[in-house]
Amino acid sequence: MKSVGIIGGMGALATCDLFNKIISNTSASKDQEHIHVYIDNNTEIPDRTAAVLHGGESPVPQLVSSAIKLELIGADVLIMPCNTAHYFYDEFIKYVNIPMIQMPKETAKEIKASKYKKVAILATEGTLQSGIYQKAFDEEEVNYIIPSESQQKPIMKIIYEGVKAGNYDIDIKDFYDVLDDMFDKGAEAVVLACTELPLAFEKFNIDYPNVDPTEILAKAAVKFASED
C-alpha cells in the first residue's frame, strides 16, 4: 500500500481525530494490514483564520516545511486536518512532488452523490471568508447556505473556547440556536467544515444531521493508499 502523510497540529485533537478515522475506515485483521501513516504534528503553524482575515503571520512556510518533511520520509500523498489551511494550497503544494487530497473538494463530491438537497456550512470565519467550500460546492452544484455574521460568534466560541481550549463546560445554547435556524431555512444537514466541529458534536453530544469532512477525507486517504 501507499503511505499517507498528515500535515498536523491544526489542531492536535483534530489531527488525532483524522488518524483515528483512517484506522477505523481501514479493513485490517492485523497490524501489518493497516496503512503506513506519517504525522507531522506541527504546532508551530500560525493560526490560519488570523492570516486570512487579519493579516496575521502566514502559515505557508510551516506548511511547506511539513509537506517537504513528509515527502522526504516516504509519504505518497498528503492530507491535512484543517479546512482553512486549504486556502493556501496553491502556495505550498508547488514545493513537493506528491499529490494532496483536498478536503473541501472531496466533501463536495460526497454531498453531490448523497440524498441532501441543501446543506449549511459551519466553519471558522477564515474558512467562510476564503470561499474554499463555496467554490467547491458551486463546482459540484451543491445547494448550500451559510450562517450570518452574528451567528459566527457562537460557532467560533465552540471551536476556540471549547475544543481548542479543551473546555467542555461552556454554554452552547447560542450554538443550538444557529443549528435550529439553519434547519428552519431548509438545510437537511450541517457540514462540519472545521475539523474541531466533529469533536464538538461528539464531546457536547450534539445530535443533528451532519456531514463530517474529516471522515470523508479519511476514507479518501484509505482509498488512495489501497489502490494499485
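The table that follows gives values for the structure above.
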| quantity | calculated |
| --- | --- |
| The listed residue being in contact with a strand residue (DSSP E or B) (Cβ under 9 Å, 6 or more places away or on another chain), modelled with pLDDT of 95 or more and within 18 Å of Lys105 (Cβ to Cβ), out of Ala187, Ala200, Ala220 | Ala220 |
| Residue, nearest to Tyr133 (Cα to Cα), within segment 107-121, restricted to residues that are assigned to a loop (DSSP other than H, G, I, E, B) and either modelled with pLDDT of 95 or more or hydroxyl-bearing (Ser, Thr, Tyr) (or both) | Lys118 |
| Residue ID - surrounded by the most Cβ atoms within 10 Å (Cβ to Cβ), chosen from residues in segment 67-78 that are in contact with a Phe, Trp or Tyr (Cβ under 9 Å, 6 or more places away or on another chain) and not acidic (Asp, Glu) | Leu70 |
| Residue in segment 10-17 that is crowded, with 18+ Cβ neighbours inside 10 Å, of a type in the set (Gly, Ala, Ser) and under 22 Å from Val222 (Cβ atoms) present | yes |
| Evaluation of Thr124 against (1) of a type in the set (S, T, N, Q); (2) under 19 Å from Ala218 (Cβ atoms); (3) surrounded by 15 or more Cβ atoms within 10 Å (Cβ to Cβ) (one fails), failing number | (2) |
| Some residue of segment 124-137 being modelled with pLDDT of 95 or more and closer than 15 Å to Asn210 by Cα | no |
| Selection within segment 89-104 - crowded, with 20+ Cβ neighbours inside 10 Å and under 20 Å from Thr124 (Cα atoms) | Gln102, Met103, Pro104 |
| Residue pairs meeting the criteria (Cβ under 6 Å; at least 6 apart or on separate chains; first closer than 15 Å to Val142 by Cα, in segment 185-208; second among the small types (Gly, Ala, Ser) and part of a loop (DSSP other than H, G, I, E, B)) | Ala193/Ala123 |
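The values are calculated or read from the model by the stated rules, or taken from the named source; none is laboratory data. Bear in mind the structure is a predicted one, so any value in this text is a computation, not a measurement. Reconstructed Cβ throughout: ideal geometry from the backbone, glycine too, with neighbour counts over all protein chains shown.
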